[in-house]
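Comments concern the structure below.
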């Protein structure tokens, strides 16, 4: 059961974000509960996930780790495709489909990434992004056990992502018969590989952040806004002064 949800941990949000300060905070009426869940997630990372990821990072050559990351990135195609279709971004649909075809063939089932060299860039959109694109409000900030930072909108969107994720789908189908250990192992490997790629970034963030909880909250909010608005979030409207409003 644990393996069915553990990989959705959202620690990749911090890659390259060590300079972010607690600005643009999300609405957080459940802060007390969220901080408790955040503490639990930190202990799980400290005593279980991080130690395994450290051994993995030191034991495997970079080429092997790149291959693992490329493989799982390629498997995200159904999630990105659905998000792109819901957003009616048909150019993005064509680009991501081309990327999937190239990496699944020339890239040997996604182990290599020749598509990027061909100008077909990776896309991180998901169903939560599609909802935000169509104006669905994010709702209160929410820290989920193991899954990490989220909000009400993205939490609901993640349920759709799970439904179209090949690994989760195969695990669900296999659970009706014999236990598919190969898929359990794949989910665990995906989590460890993701965490191993952020060992240095996360340590830097923890050392530089005055409040790591607020840092994560701000990083998540800004990251999601960047995805929804393609890196160009709209400026907030300035409030109208009372004396100007009366003119």
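Things worth noting here:
- Every listed requirement among (1) surrounded by fewer than 20 Cβ atoms within 10 Å (Cβ to Cβ); (2) not in a helix (DSSP H, G or I) is met by residue 116 save one, (2).
- Residue in the stretch 23-36 that is crowded, with 16+ Cβ neighbours inside 10 Å, touching a residue at least 12 places away in the same chain (Cβ under 8 Å), within 19 Å of the chain's Cα centre (by Cα) and outside any loop (DSSP other than H, G, I, E, B) present: yes
- The sole residue among 108, 131 that is out of contact with any strand residue (DSSP E or B) (no Cβ under 7 Å at 6 or more places or on another chain), more than 20 Å from residue 227 (Cβ to Cβ) and at pLDDT 95 or above is 108.
- Residue under evaluation residue 172, criteria (1) modelled with pLDDT of 90 or more; (2) part of a helix (DSSP H, G or I); (3) farther than 26 Å from residue 66 by Cα, criterion not met: (1)
- Neighbours by Cβ (under 7 Å, 6+ apart or cross-chain): first from the stretch 41-70, in contact (Cβ under 8 Å) with a residue 60 or more places away in the chain and at negative phi; second surrounded by fewer than 16 Cβ atoms within 10 Å (Cβ to Cβ) and assigned to a helix (DSSP H, G or I): 53/199; 54/199; 57/199; 68/189
- Of all residues in the stretch 137-165, those that are on the phi > 0 side of the Ramachandran plot and buried (at least 16 other Cβ atoms within 10 Å of the Cβ) have Cβ atoms under 7 Å from Cβ atoms of residues that are modelled with pLDDT under 95 and outside any helix (DSSP H, G or I), 6 or more apart or on another chain, in 146/5; 146/9; 148/9; 148/10.
- Flag if residue 186 is at pLDDT 95 or above, touching a helix residue (DSSP H, G or I) at 6+ places or on another chain (Cβ under 9 Å) and crowded, with 18+ Cβ neighbours inside 10 Å: no
- Residue in the stretch 55-75 that is under 18 Å from the mean Cα position of the chain (by Cα) and more than 26 Å from residue 199 (Cβ to Cβ) present: no
- Within the stretch 149-164, considering residues that are in contact with a helix residue (DSSP H, G or I) (Cβ under 6 Å, 6 or more places away or on another chain) and within 22 Å of residue 44 (Cβ to Cβ), the one modelled with the lowest pLDDT: 162
- Only listed residue being surrounded by fewer than 18 Cβ atoms within 10 Å (Cβ to Cβ), assigned to a helix (DSSP H, G or I) and either modelled with pLDDT of 95 or more or out of contact with any strand residue (DSSP E or B) (no Cβ under 9 Å at 6 or more places or on another chain) (or both), chosen from 52, 80: 52
- Residue match in the stretch 198-210 (condition: within 22 Å of residue 74 (Cα to Cα), at pLDDT 90 or above, out of contact with any strand residue (DSSP E or B) (no Cβ under 9 Å at 6 or more places or on another chain) and surrounded by 12 or more Cβ atoms within 10 Å (Cβ to Cβ)): yes
The values are calculated or read from the model by the stated rules, or taken from the named source; none is laboratory data. Note that the structure is predicted; figures quoted are calculated from it, not measured. All Cβ positions, even for glycine, are placed from backbone atoms using ideal geometry, and neighbour counts span all protein chains on display.
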